[in-house]
Amino acid sequence: MPVDHPINDYKPSARPGSRAPHLWIERHGRKISTLDLFGMQFVLLTGKDCSPPELEKSASAAGACPIVFLQNGRDFAADGFEELYGISSAGAVLVRPDGYVGARWTELSPNFTEQFQSAFASILRNTLSEKMMA
């Protein structure tokens with residue numbers, strides 16, 4: 001949905017490069033914000049129909065930082081999660097520790113491992129470059 005003033009009117013989006021949007025979720029019997037999931041490490045949020053063991057294998061192959069895997073319907077419950085985050089029930093969003101979206105897959109493809117490794121390497125390269133410039 002377009003907004004009148006893109007600078008002044010905030011429209012939540014999980015587009016890579018934007019802040020991960022807030023959504024109330026239920027986790028471990030408590031109502032928390034999706035924002036409470038970020039801050040310590042990378043988080044891969046997935047739709048209800050993803051296969052976390054396959055994703056964990058893909059991420060392990062990337063080999064760098066620890067990643068938390070959270071699937072809607074298994075690790076948290078949230079109506080509207082997939083719609084707000086712009087993915088299908090078979091999609092995923094990688095959120096950096098600072099709460100920014102690093103990568104998004106609307107639906108996982110057969111070559112997800114390569115896509116994930118490429119995205120993760122790019123995020124780490126960009127993070128190192130930013131630190132060196134500071």
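Laboratory data are not the source of any read-out in this text; all were calculated from the coordinates shown. Because the structure is predicted, anything quoted here is derived from the model rather than measured. In this analysis, Cβ positions are derived from the backbone assuming ideal geometry, glycine residues included, and neighbour counts consider all displayed protein chains.
Between R27 and Q115, how high is the FRET efficiency from 1/(1 + (r/R0)^6) when r is the Cβ-Cβ distance and R₀ = 35 Å? Nearest 0.05.
The computed FRET efficiency comes out at 0.80.
Roughly speaking, what is the stretch gain from S89 to K48, that is 0.36 nm per residue apart minus the C-alpha to C-alpha distance, in nm to one decimal? Write down the numbers at each step before the final one.
Working: separation 41, 0.36 × 41 = 14.76 nm, distance 0.51 nm.
Length gained, S89 through K48: 14.3 nm.
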